[in-house]
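Right, one structure below, let's go through it.
The values are calculated or read from the model by the stated rules, or taken from the named source; none is laboratory data. Fair warning: this is a prediction, and the values are worked out from it, not measured in the lab. Here the Cβ is made from the backbone with ideal geometry for all residues, glycine too, and neighbour counts use every protein chain on show. The protein model used for the area step is the full one, side chains on, heavy atoms only, and it has no ligands, DNA or RNA in it. Shrake-Rupley method; radii C 1.70, N 1.55, O 1.52, S 1.80 Å.
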Amino acid sequence: MNRQRRWVLLYVGAFVTVVVGYTFAYSWGMATFEGRERSLLESFAIVVETFTTTGYGRDAGLWTTTEMELLMVAMQMTGVFLIFMTLPLFVAPWVQEAVRVSPPTAIDERSGHVVICGYSPRAETLIDELRSWDREYVLVVRDRETSLDLYERNLDVIHGDPESAEVLRRARVATADTVVADATDEQNASITLAVREISDDVEVISLVQDPDLASYLQYAGADQVFSPRHLLGESLAEQVTASVTTDLGDTITIGEDFEIVELSVQENSAVVGRELSESNIRERTGASIIGTWTRGEFHTPPSPDTMLDEDTILLVAGRESQLERLKQMTLGDEYSRSRRSAIVAGYGEVGSTVSEKLVTSGLRSIVVDRENKEGVDVVGDVTDESVLLEAGIDHANALILALGDDTTTIFATLVARELSPTVEIVARANETDNIGKLYSAGADYVLALETVSGRMLASTILEDEEVISPDKQIEIVRTTAPRLVGQSLGEANVRERTGCTVIAIERDGEVTTDLGPDFVVESQDRLIVAGTDADTNAFTELAQ
């Protein structure tokens, strides 16, 4: 029984009780205080007339005693109160619901579209990518209120159970290009089977929370199964291991000898506390700085007077030897690297992946979780100072927050930063809207699960765009640019118009990285650009 129905039953029960009570009270009061007999039916009529404010019939003005006058005052006030309660609780919602537009339950004939079964924050990232490429899509959402809200936001959505073959037929799955199953693992299996009832040709992509269940989704008929939580865990661990070793870590390979990597500026490093122009990075290493992350804000190109501090992350490109020299300049002193331990808060799919990756890299992993289970070293709430102290935050290199709730992650960041101003805090965010809050709370590196998921899906679905860095803060894509053909990079003015930086151009199998403003784009070129998700979407709209 839903909440609205419970309120209706409670109100009706209270109303009937009050009316019956006043009926008996009036009948008894008229006989006792006024000496006039009234039947229960006559008394009931008086109560109804009072509540509806239509009058009192033959009894009007017959009340001469104080007791009856007080009874009539109480009856009138009660009636007005009950009537006015009806308006906001029942009448207004009913009218609002009656005039509210219903969500659609089917779409018109179409083909080549993407059917997204279920709705989650990661779907927003995918939809933004599809819109930038002018690709049609439709969301199939089970919950009516959610589907109505999405429809009123001008998203293409139908209301229905995505596990139903009939609903999927109304979503034109038979003529779709791709179906994305974005629900629970069990529901995704059911969705996949329903799709296969309709078509064996449409591509089915399923997300999975538990990687051990991937094979079952493939048995059900999924063509590709992604585990974004596993990839996110590996990326968070990579960020920590890269800060305590001289290895470059997980670089993004663009050409045969050209790579891109994110490098955190460590405390006590050779460049910390200097302006970018004073660091002489280009002169000393040969590497190119594409942009800088500072407390969640990405700047490309960075200003020469940008101050490099322990909150700065450099996005740099160059040959491996150049990047290795720059890595040495960004590393902290030997003491900070010698501790080689990290605290992992949260031991779910992301946290367990992080812990395994750290151990493989030679770092000691101290796992904190609320539940006492195998693999957990410290049982307790990571927002509790005593728990973090027990885990050794005062001498750990890093704290990795792999929690499932962003609010808890934000508070844990505040507590940890107060306890240890120097510890590197790497955080998982579930929603992109909370990334800024985490940086403000003191996090050094934040990566959102929905961003990783959406990029993975978009890179698979879109034939002309390859997301090279799904698990990085910045998005790097390899894509075509038909509208820029015949223009020089200076004429295209990409950076000012979109916020993106053209890093390289792939032509005839060769990658060119030495790009000046006079470089002219040709029809077969694939451009490699870097920027935020919004910036790369703006580039797509400009170039396609």
Open item on the list: Being under 15 Å from Val114 (Cβ atoms), small (Gly, Ala, Ser) and open to solvent by less than 10 Å² (accessible area, probe 1.4 Å) is the filter here; which residues of the stretch 169-197 pass it?
Closed with: Ala171, Ala181
TODO: Among the residues of the stretch 4-34, write down those that are in contact with an Asp or Glu (Cβ under 7 Å, 6 or more places away or on another chain) and touching a residue at least 40 places away in the same chain (Cβ under 8 Å).
DONE: Gly29
Task: The lone exception for Ser215 - which of (1) touching a helix residue (DSSP H, G or I) at 6+ places or on another chain (Cβ under 8 Å); (2) surrounded by fewer than 24 Cβ atoms within 10 Å (Cβ to Cβ) it fails - done: (1)
Task: Count - residues of the stretch 35-66 that are on the phi < 0 side of the Ramachandran plot, in contact (Cβ under 8 Å) with a residue 12 or more places away in the chain, out of contact with any Asp or Glu (no Cβ under 9 Å at 6 or more places or on another chain) and open to solvent by 80 Å² or more (accessible area, probe 1.4 Å) - done: 2
- [ ] Kindly list, by first and then second residue, each pair from a residue in the stretch 425-442 that is at positive phi to a residue that is open to solvent by 10 Å² or more (accessible area, probe 1.4 Å), limited to pairs with Cβ atoms under 7 Å and residues at least 6 apart or on different chains.
- [x] Gly442/Leu414; Gly442/Arg417
Open item on the list: Restricting to the stretch 520-544, give me the number of residues that are under 35 Å from the mean Cα position of the chain (by Cα) and part of a strand (DSSP E or B).
Closed with: 6
Task: Tabulated pairs, the stretch 517-544, first under 14 Å from Cys500 (Cβ atoms), second open to solvent by less than 40 Å² (accessible area, probe 1.4 Å) and basic (Lys, Arg), C-beta under 7 angstrom, 6+ apart or interchain - done: Ile528/Arg478
Task: Within the stretch 223-299, strands (runs of 3 or more DSSP E) holding 2 or more residues that are open to solvent by 30 Å² or more (accessible area, probe 1.4 Å) and modelled with pLDDT under 80 - done: 297-299
Task: Members of the stretch 24-65 found to be β-branched (Val, Ile, Thr) and at pLDDT below 85, listed by number - done: Ile46, Val47, Val48, Thr50, Thr52, Thr53, Thr54, Thr64
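Residue-by-condition table, conditions (1) touching a residue at least 60 places away in the same chain (Cβ under 8 Å); (2) over 20 Å from Val195 (Cα atoms):
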site	(1), (2)
Ser111	yes, no
Ile116	yes, no
Asp128	yes, yes
Asp134	yes, yes
Val141	no, no
Arg144	no, yes
Leu150	no, yes
Task: Any helices (runs of 4 or more DSSP H) falling wholly within the stretch 406-519 and containing at least 3 residues that are modelled with pLDDT of 80 or more and open to solvent by 10 Å² or more (accessible area, probe 1.4 Å) - done: 406-419, 435-441, 489-492, 494-498
Open item on the list: I need a count of the residues in the stretch 378-405 that are outside any helix (DSSP H, G or I) and touching a helix residue (DSSP H, G or I) at 6+ places or on another chain (Cβ under 7 Å).
Closed with: 12
- [ ] Specify the residue that is modelled with the lowest pLDDT; the eligible residues are those in the stretch 132-168 that are among the basic types (Lys, Arg) and crowded, with 16+ Cβ neighbours inside 10 Å.
- [x] Arg135
Task: Complete set of residues in the stretch 167-187 that are within 19 Å of Leu130 (Cβ to Cβ) and acidic (Asp, Glu) - done: Asp177, Asp182
